[in-house]
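Q: I have a structure I would like to understand better, so I am pasting it below and will then ask my questions one at a time.
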Amino acid sequence: MIRLLIADDHAVVREGLRTILSSASDIEVVGQAGDGREAVEKALELHPHVVLMDLRMPQLDGLEATRLIKAQLPATSVIMLTIYEDDSYLIEAIKAGAGGYLLKDASKDLIIHTIQAVHSGGILVKTSLLREAIASLAGAVERQAREQTGLEEKFGELTPRERD
């Protein structure tokens, strides 16, 4: 059984997810949290295998809650479930340690599949979001390379000591 903690600041969303996920024979919802701080506390108390985490919550946002959970329970997987279809949030979620990033309009089957995949050690992200994130990162790397090349050209004739 996959032990799941649901963290969302809307009670109706938490209850809806619990109801939907009860149809999966291999998922057990062991707890719910209404904000990021409570998510961290419940995770430390319940030791879930997976946390389904809202991105924006009071007290502590989902990104910071994910960082804290992963720091103390590295074997616990976190899936961000959000309305934000933004590559910068996706990148920050991955940096925080999330193994999945789903939009709240995802189907029941996709949510269940993501929980199972992330629990098995995989990473699951919507393809279009991943493409945007990769393009954004590639652009940042390219800009950094151009800046580095410009510095080398500007300071290329200096001795190593002068460069220091």
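The values are calculated or read from the model by the stated rules, or taken from the named source; none is laboratory data. Quick caveat: nothing in here was measured; it's all calculated off a predicted structure. So basically every Cβ, Gly included, is an ideal-geometry build from the backbone, and we count neighbours across all protein chains shown. Heads up: the accessible areas ignore ligands, DNA and RNA and are worked out on the full protein's heavy atoms, side chains in. Shrake-Rupley method; radii C 1.70, N 1.55, O 1.52, S 1.80 Å.
Q: Could you check, for segment 56-70, whether at least one of its residues is at pLDDT 95 or above, polar (S, T, N, Q) and surrounded by fewer than 16 Cβ atoms within 10 Å (Cβ to Cβ)?
A: No, segment 56-70 contains no residue that is at pLDDT 95 or above, polar (S, T, N, Q) and surrounded by fewer than 16 Cβ atoms within 10 Å (Cβ to Cβ).
Q: Right, here's the next one. Could you pull out the residue among VAL51, VAL29 that is open to solvent by less than 10 Å² (accessible area, probe 1.4 Å) and within 19 Å of HIS113 (Cβ to Cβ)?
A: Only one candidate passes the filter, namely VAL51.
Q: Is it the case that segment 1-22 has a residue that's within 16 Å of the chain's Cα centre (by Cα), of a type in the set (Lys, Arg) and open to solvent by 30 Å² or more (accessible area, probe 1.4 Å)?
A: The answer is no, given that none of the residues of segment 1-22 is within 16 Å of the chain's Cα centre (by Cα), of a type in the set (Lys, Arg) and open to solvent by 30 Å² or more (accessible area, probe 1.4 Å).
Q: Also: Say we look at segment 71-85 and pick out the residues that are more than 15 Å from GLY99 (Cβ to Cβ) and not aliphatic (A, V, I, L, M); which of these is surrounded by the fewest Cβ atoms within 10 Å (Cβ to Cβ)?
A: Looking at residues that are more than 15 Å from GLY99 (Cβ to Cβ) and not aliphatic (A, V, I, L, M), I get GLN72.
Q: When segment 44-85 is examined, which residues are found to be in a helix (DSSP H, G or I) and of a type in the set (Val, Ile, Thr)?
A: Answer for segment 44-85, where residues must be in a helix (DSSP H, G or I) and of a type in the set (Val, Ile, Thr): THR66, ILE69.
Q: Could you please find all residues in segment 1-12 being over 16 Å from ARG56 (Cβ atoms) and either part of a strand (DSSP E or B) or touching a Gly at 6+ places or on another chain (Cβ under 6 Å) (or both)?
A: ILE2, ARG3, LEU4, LEU5 - these are the residues of segment 1-12 that are over 16 Å from ARG56 (Cβ atoms) and either part of a strand (DSSP E or B) or touching a Gly at 6+ places or on another chain (Cβ under 6 Å) (or both).
Q: So, one more: Can you tell me which of GLU28, GLU41, GLU15 is assigned to a strand (DSSP E or B) and out of contact with any helix residue (DSSP H, G or I) (no Cβ under 8 Å at 6 or more places or on another chain)?
A: Exactly one residue qualifies, and that residue is GLU28.
Q: Which of the residues spanning segment 86-131 are in a helix (DSSP H, G or I), at pLDDT below 75 and surrounded by 17 or more Cβ atoms within 10 Å (Cβ to Cβ)?
A: ASP87, LEU129
Q: Further question on the same structure: What are the pairs with Cβ atoms under 6 angstrom where one residue, in segment 82-96, is touching a residue at least 40 places away in the same chain (Cβ under 8 Å) and the other, located anywhere, is aromatic (Phe, Trp, Tyr)? Sequence gap at least six, or different chains.
A: Taking only residues 6 or more apart or on different chains, the pairs are LEU90/TYR101.
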